[in-house]
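The structure appears below as structure tokens.
The values are calculated or read from the model by the stated rules, or taken from the named source; none is laboratory data. Just so it is clear, the structure is predicted and the values come from calculations on it, not from any experiment. Neighbour counts are summed over all protein chains in view; Cβ atoms, including those assigned to glycine, are modelled from backbone coordinates with ideal geometry.
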Amino acid sequence: MNIDDYESLPTTSVGINMTAGAIAGVLEHVVMYPLDSVKTRMQSLTSASNMNIMSTFQNMITREGLLRPIRGASAVVVGAGPAHSLYFGAYEMTKEMLTKFTSLNHLNYVISGAVATLIHDAISNPTEVIKQRMQMYNSPYSSVITCMRDVYRKEGFKAFYRSYSTQLVMNIPYQTIHFTTYEFIQNKLNLDRRYNPPVHMVAGGAAGACAAAITTPLDVVKTLLNTQETGLTKGMIEACRKIYHMAGPMGFFKGMTARVLYSMPATAICWSTYEFFKFYLCGLDRDQYKSSITGRSELQEPRKTAYVLPKSTTDEDPSLATESLAVDTAAGTLKDPAVLHPTPPTVNAAGAIKTVCELSTRTAAPTINLHTRHTEVKSPYERGFSST
């Protein structure tokens with residue numbers, strides 16, 4: 001590993017990434033849970049869903065009590081911790097590993113996001129079912145345990161994973177858009193991956209808003225499969241048919257505004273919390289901290305430096321100073337070659353032939369072409385070496 005590869009490595013460990021991810025996931029879902037309840041209600045196919053965000057929220061409080069918008073939050077607290085812990089841990093590990101096999105940063109983000117989603121959704125899908133059943137209008141469930149027991153008794157264990165395939169179809173593009181957008185903004189505003197709260201919040205909010213808007217139709221399908229409010233719906237195709245039959249083409253965009261307004265601050269909170277605890281737990285100064293693999297190779301131009309060594313001066317007095325210059329092509333300055341390449345005291349300066357080598361500061365530097373020829377060089381014994 002060369003020095004550029006070493007300096008590009010993050011300064012955090014897997015344990016720190018997983019701990020920070022668990023805290024970020026719980027905080028994100030708890031803070032934004034009331035708006036998530038409103039989004040679920042607005043995606044419902046019942047007549048109660050024909051209201052805007054504020055009307056839906058007010059209707060929940062006036063008819064069902066002040067605490068109604070946060071019913072089912074305990075299920076999210078239990079599921080979000082381990083789900084987001086493995087989610088961020090898998091993403092960071094996969095992203096770092098793939099840098100050894102590909103230099104295409106966007107492909108790296110897509111694959112890493114897909115791997116993280118597979119693990120996250122396998123853990124979070126049962127909690128999504130419980131949460132959304134408790135969020136629906138006229139829900140008969142008052143506690144997480146009661147809901148879980150009733151669903152298992154009536155529909156079996158497969159009910160907790162009925163929407164898993166749909167959730168993957170939705171979340172894989174969601175997370176690839178999410179991570180790619182976040183990393184893109186990071187590469188523009190925070191290339192060195194330092195701890196920068198404003199950039200983390202802006203990048204996280206923009207990533208969540210873009211991903212949420214594009215994947216709203218699949219979220220509506222997932223909500224129907226989780227809630228089963230129109231009778232038993234077995235799969236994604238059947239759910240699409242019911243949505244189209246009952247609400248038309250626009251039914252697939254129900255609750256999109258609420259979903260974007262939920263995802264934008266939620267992802268901003270999640271990323272800023274995640275980056276804060278990564279920085280805090282690693283115990284390093286801000287100048288020494290590097291949060292993750294950077295996109296340096298994609299955004300920076302390679303820098304080349306040409307070094308010109310002393311040229312032949314056979315017709316001149318050897319005692320005279322060598323008249324040559326070292327040119328730094330990147331900085332555009334002239335430097336004294338005696339500082340860079342001083343002439344050894346035992347070698348005749350008149351016998352040195354001009355040598356040029358081009359070096360690159362890129363991570364994968366080209367082979368150095370170095371051709372030298374020395375004349376009138378004395379034998380080792382004549383230069384003072386012992387004959388023994």
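Return the residues of segment 33-56 that are in contact with a Leu (Cβ under 8 Å, 6 or more places away or on another chain) and either modelled with pLDDT of 85 or more or not assigned by TED's automatic domain parsing to the domain that holds Thr233 (or both); say none if nothing qualifies.
Listed by number, the residues that qualify are Leu35, Ile53.
I need the full set of residues from segment 180-221 which are charged (D, E, K, R) and assigned to a helix (DSSP H, G or I), in order please. Break it down stepwise before answering.
Just the residues of segment 180-221 that are charged (D, E, K, R), to begin with: 183, 188, 192-194, 219.
Glu183, Lys188, Asp219 - these are the residues of segment 180-221 that are charged (D, E, K, R) and assigned to a helix (DSSP H, G or I).
Across segment 98-149, what is the number of residues that are among the hydroxyl-bearing types (Ser, Thr, Tyr) and over 18 Å from the mean Cα position of the chain (by Cα)? Steps first, answer last, please.
Going through segment 98-149, the residues among the hydroxyl-bearing types (Ser, Thr, Tyr) turn out to be 99, 102-103, 109, 112, 117, 124, 127, 137, 139, 141-143, 146.
Next, from what is left, pick out any that are over 18 Å from the mean Cα position of the chain (by Cα): 124, 127, 137, 139, 141-143, 146.
Residues that pass the stated criteria total 8.
Using the structure shown, decide if Thr180 is in contact with a Phe, Trp or Tyr (Cβ under 6 Å, 6 or more places away or on another chain) and within 17 Å of Phe88 (Cα to Cα).
Working: in contact with a Phe, Trp or Tyr (Cβ under 6 Å, 6 or more places away or on another chain): yes; within 17 Å of Phe88 (Cα to Cα): yes.
Yes, satisfied.
Going by the structure shown, is Phe88 closer than 21 Å to Gly204 by Cβ, buried (at least 18 other Cβ atoms within 10 Å of the Cβ) and among the aromatic types (Phe, Trp, Tyr)?
On the way: closer than 21 Å to Gly204 by Cβ: yes; buried (at least 18 other Cβ atoms within 10 Å of the Cβ): yes; among the aromatic types (Phe, Trp, Tyr): yes.
Yes, satisfied.
Check segment 181-198 and report whether any residue there is β-branched (Val, Ile, Thr), crowded, with 20+ Cβ neighbours inside 10 Å, free of Cβ contacts under 8 Å to residues at least 40 places away in the same chain and more than 27 Å from Met60 (Cα to Cα).
Applying the first criterion (β-branched (Val, Ile, Thr)) to segment 181-198 yields 181, 185.
Next cut, crowded, with 20+ Cβ neighbours inside 10 Å only: 181.
From what's left, free of Cβ contacts under 8 Å to residues at least 40 places away in the same chain: 181.
Next, only the ones that are more than 27 Å from Met60 (Cα to Cα) stay: 181.
Looking through segment 181-198, at least one residue is β-branched (Val, Ile, Thr), crowded, with 20+ Cβ neighbours inside 10 Å, free of Cβ contacts under 8 Å to residues at least 40 places away in the same chain and more than 27 Å from Met60 (Cα to Cα).
Counting just the residues of segment 23-73 that are assigned to a loop (DSSP other than H, G, I, E, B) and of a type in the set (Ser, Thr, Tyr), which one comes out nearest to Thr146 (Cα to Cα)? Steps first, answer last, please.
Looking only at segment 23-73, we keep the residues that are assigned to a loop (DSSP other than H, G, I, E, B), and these are 43-46, 50-52, 65-67, 71-72.
So of that shortlist, the ones also of a type in the set (Ser, Thr, Tyr) come out as 44, 46.
Values: Ser44: 22, Thr46: 24 Å.
Applying the filter and picking the extreme gives Ser44.
Can you pull out the residues in segment 224-266 that are under 21 Å from Met54 (Cβ atoms), of a type in the set (A, V, I, L, M, F, W, C) and under 31 Å from the mean Cα position of the chain (by Cα)?
Phe253, Met256, Ala258, Val260, Leu261, Met264, Ala266
Name the residue that is farthest from Val26 (Cα to Cα), counting only residues in segment 74-85 that are aliphatic (A, V, I, L, M) and surrounded by fewer than 21 Cβ atoms within 10 Å (Cβ to Cβ).
Just the residues of segment 74-85 that are aliphatic (A, V, I, L, M), to begin with: 75-78, 80, 83.
Subsequent filtering for residues that are surrounded by fewer than 21 Cβ atoms within 10 Å (Cβ to Cβ) retains 77-78.
On the way: Val77: 6, Val78: 8 Å.
Only one residue fits best here, namely Val78.
Output the residues belonging to segment 91-123 that are closer than 23 Å to Ile70 by Cβ and crowded, with 24+ Cβ neighbours inside 10 Å.
Filtering segment 91-123 down to residues closer than 23 Å to Ile70 by Cβ leaves 120, 123.
Correct list: His120 only.
If I filter segment 265-293 down to residues being at pLDDT below 85 and closer than 19 Å to Thr181 by Cβ, which single residue comes out as surrounded by the most Cβ atoms within 10 Å (Cβ to Cβ)?
The residue in question is Ser291.
Would you please name the residue that is modelled with the highest pLDDT, looking only at residues in segment 93-109 that are hydrophobic (A, V, I, L, M, F, W, C) and farther than 22 Å from Thr12 by Cβ?
Quick first cut of segment 93-109, residues hydrophobic (A, V, I, L, M, F, W, C) only: 93, 97-98, 101, 104, 107.
Adding the requirement that they be farther than 22 Å from Thr12 by Cβ leaves 104, 107.
Numbers: Leu104: 82, Leu107: 87.
So the residue we want is Leu107.
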